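A.B. asks: Input: one structure, supplied below.
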Amino acid sequence: MTAARAVAKNPRRARAAGTPRKDERLLVTALPCARPARLGALLLMLAAAAARADEPLPAGTPAPGGAPAPASNVPLLLGAQYTFIEQKQTALASPYAGSLSLHADGDRQSTHTIGFYGGWAAASWAQLYLDTEKFMGAGVSGATGLGGLTNGDVVREGVAGLKKEFYIARLYARFMLPLGSVVAPAERAPEQIPGSEAVRRLELKVGRLALADDFDHNRYAGSTRTEFLNWSLWENTAWDYAANTRGYSDGLVVGYVSPAWSLKYAMFRMPLAANGQTLETLARARGENLELTIAPPALTTVLRLLAYRNTARMGDYAAALALAAATGTVPNVAADDRDGRRKSGYGVSAEQPLADDGETGLFTRLGWNDGRTESFAFTEVDRQLSFGGPLAGVHWHRGEDRLGLAAVVEGLSGPHRDYLAAGGAGFLLGDGHLAYGEEQILEAYYRLQWTLSRDATSLRLQLSPDVQYIRNPGFNRARGPVRFYALRLHLEY
């Protein structure tokens, strides 16, 4: 909600098990393609129409006159990956604890993820993508008790109680309209069919995918499976982006893409309940996102400016506190939910290459949301600042290795912290009380990499020890500090 960044999305904690509400028993579709069967049928019809409109090109044939052309017109396996993560949480000082707190005596858990990523260029301007994934294992302390969870590969899946079986992660169509004759090569990758594409174009994606496939990118902090493990480092945690428990949703992305700047807008279905798997209709609940990417040709700096607004059936922290005070009960933000409530936020992401053909560089992210309504779809963070970067191993004769170091400071809005201090709980946080302090995270990893290549095919093996140190876990000065040690094995095609 996963090899390259495009497949690094994942998970979070679902609602407690129990009898679903009446409106949760019906999966109301917002798009004609919302249900998997209807989505597949629609995409196949689009592909068939596109194939009839464009005569197939022989594999590898250059497009005449510099026109965009895929390397092949047959369905391709674009990538596959397996990731294993073993993580240990140390014991921590804990004068009190709630149902969602980090385990005071520590914990140790492992996770496995497998993914296969396919695509088909039905025409030079129309592509279809189908990804399947499977998750096994669980996060330490049930993957709760922190705003910045320490294993991003379990973020939306491992604590949800969902079946440990293969599922369709992405199923969508991509349409491109060239705006010039200049093309550039596109290399094979998950979510990228090889060939050539216009450097200036209009794009449309529609179907099931992850919002983070197209928004809040960062070259140095974008994949929990190959870079930083903590989800506060591969994403802007103040961006409460629309997704189901696994990290995916139905919607569309439309944008203008060019080498110097790009502008994208997206609308996706929000979950029916906080951190839920069932998605609501677009008419009733949606996440709207707008992002401007600036990459001046004369500079190597890339800057991304993000704004979003969510509309959903959300609770309000201040209203929940007022109701609890009037009735003498513990506040429950979910019991105060109302249709049409909104959350707005902003984000800034920057990357600055420094040396080694850009393999050594720095990044930073800044995030903010209004924090009035409940955290709903990603994590319980309202303010975020992160910075750090990787150092290429070429300096010690290990050119494919990377040493990464980064820090995060996260905070909560006033109403959010008051709610937790009064004993309220969200879907990740709830110590029963709160001595508020900003959550502070420091992470370092070393990634060993070996690449086996034959013809145009390569197989990469990575082994990465990782350590994280967190002060004020769950924004609580009364608990912690705590350390996390992990070993990650990653294999990708």
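The values are calculated or read from the model by the stated rules, or taken from the named source; none is laboratory data. Since this is a predicted model, take the numbers as computed values, not measurements. Positions of Cβ are generated from backbone atoms using ideal geometry, with glycine treated the same way; all protein chains shown enter the neighbour counts.
A.B. asks: I'd like to check something: does segment 159-181 contain any residue that is of a type in the set (D, E, K, R), surrounded by 24 or more Cβ atoms within 10 Å (Cβ to Cβ) and modelled with pLDDT under 95?
C.D. replies: The answer is no; no qualifying residue exists.
A.B. asks: Could you grab me the full set of residues in segment 464-490 that are of a type in the set (A, V, I, L, M) and surrounded by fewer than 16 Cβ atoms within 10 Å (Cβ to Cβ)?
C.D. replies: Within segment 464-490, the first condition is being of a type in the set (A, V, I, L, M), and the residues that meet it are 467, 470, 478, 482, 486-487, 489.
Val467, Leu487, Leu489 - these are the residues of segment 464-490 that are of a type in the set (A, V, I, L, M) and surrounded by fewer than 16 Cβ atoms within 10 Å (Cβ to Cβ).
A.B. asks: Also, I was wondering about something else. Does segment 300-307 contain any residue that is out of contact with any Phe, Trp or Tyr (no Cβ under 7 Å at 6 or more places or on another chain) and modelled with pLDDT under 95? Break it down stepwise before answering.
C.D. replies: If we filter segment 300-307 for residues that are out of contact with any Phe, Trp or Tyr (no Cβ under 7 Å at 6 or more places or on another chain), which is where we start, we get 300-305.
Filter once more, so that each one left must be modelled with pLDDT under 95: 300.
Checking segment 300-307: at least one residue is out of contact with any Phe, Trp or Tyr (no Cβ under 7 Å at 6 or more places or on another chain) and modelled with pLDDT under 95.
A.B. asks: In segment 131-158, what count of residues is obtained for those that are surrounded by fewer than 20 Cβ atoms within 10 Å (Cβ to Cβ) and modelled with pLDDT of 95 or more? Reasoning before the result, please.
C.D. replies: From segment 131-158, those surrounded by fewer than 20 Cβ atoms within 10 Å (Cβ to Cβ) are 132, 134, 136-138, 142; that's our starting set.
Filter again for modelled with pLDDT of 95 or more, leaving 132.
So the count comes out to 1.
A.B. asks: Given (1) hydrophobic (A, V, I, L, M, F, W, C); (2) out of contact with any Ser or Thr (no Cβ under 8 Å at 6 or more places or on another chain); (3) more than 16 Å from Gly347 (Cα to Cα); (4) surrounded by fewer than 19 Cβ atoms within 10 Å (Cβ to Cβ), identify the lone condition not met by Leu282.
C.D. replies: Looking at each condition in turn, Leu282 falls short on (4).
A.B. asks: If you don't mind, another one. Go through Val381, Val394, Val409 for me and flag whichever is crowded, with 18+ Cβ neighbours inside 10 Å and modelled with pLDDT of 95 or more. Before you say what the answer is, go through the steps one by one.
C.D. replies: Working: Val394 fails: crowded, with 18+ Cβ neighbours inside 10 Å; Val409 fails: crowded, with 18+ Cβ neighbours inside 10 Å.
It is Val381.
A.B. asks: Restricted to segment 328-347, and to residues that are more than 22 Å from Gly423 (Cβ to Cβ) and crowded, with 20+ Cβ neighbours inside 10 Å, which residue is nearest to the chain's Cα centre (by Cα)?
C.D. replies: Ranking the qualifying residues of segment 328-347, first place goes to Gly347.
A.B. asks: So which residues in segment 414-472 are at pLDDT 95 or above, part of a strand (DSSP E or B) and more than 20 Å from Arg225 (Cβ to Cβ), if there are any at all?
C.D. replies: Tyr436, Glu439, Gln440, Leu442, Tyr469, Ile470, Arg471, listed by residue number.
A.B. asks: Identify all residues within segment 96-155 that are touching a Lys or Arg at 6+ places or on another chain (Cβ under 9 Å) and acidic (Asp, Glu); write none if there are none.
C.D. replies: Asp107, Asp131, Glu133, Asp153, listed by residue number.
A.B. asks: Let me ask another. Can you go through Ala318, Ala326, Ala335 and tell me which one is touching a Pro at 6+ places or on another chain (Cβ under 6 Å) and either in a strand (DSSP E or B) or farther than 19 Å from Gly287 by Cβ (or both)?
C.D. replies: On the way: Ala326 fails: touching a Pro at 6+ places or on another chain (Cβ under 6 Å); Ala335 fails: touching a Pro at 6+ places or on another chain (Cβ under 6 Å).
Residue meeting the stated conditions: Ala318.
A.B. asks: Another question about this same structure. Could you say which residue among Ala319, Ala295, Ala325, Ala307 is closer than 20 Å to Gly371 by Cβ and crowded, with 16+ Cβ neighbours inside 10 Å? Can you show your working first?
C.D. replies: Values: Ala295 fails: closer than 20 Å to Gly371 by Cβ; Ala325 fails: crowded, with 16+ Cβ neighbours inside 10 Å; Ala307 fails: crowded, with 16+ Cβ neighbours inside 10 Å.
Result: Ala319 is the single residue among Ala319, Ala295, Ala325, Ala307 that is closer than 20 Å to Gly371 by Cβ and crowded, with 16+ Cβ neighbours inside 10 Å.
A.B. asks: Out of Gly180, Gly195, Gly98, Gly137, which single residue is within 23 Å of Asn244 (Cα to Cα) and not charged (D, E, K, R)?
C.D. replies: On the way: Gly180 fails: within 23 Å of Asn244 (Cα to Cα); Gly195 fails: within 23 Å of Asn244 (Cα to Cα); Gly98 fails: within 23 Å of Asn244 (Cα to Cα).
Checking each option against the conditions leaves just Gly137.
A.B. asks: Where in segment 181-229 are there strands (runs of 3 or more DSSP E), lying fully within it, with 3 or more residues that are of a type in the set (D, E, K, R)? Can you show your working first?
C.D. replies: Numbers: elements: 183-186, 195-198, 201-209.
Here the list reads 201-209.
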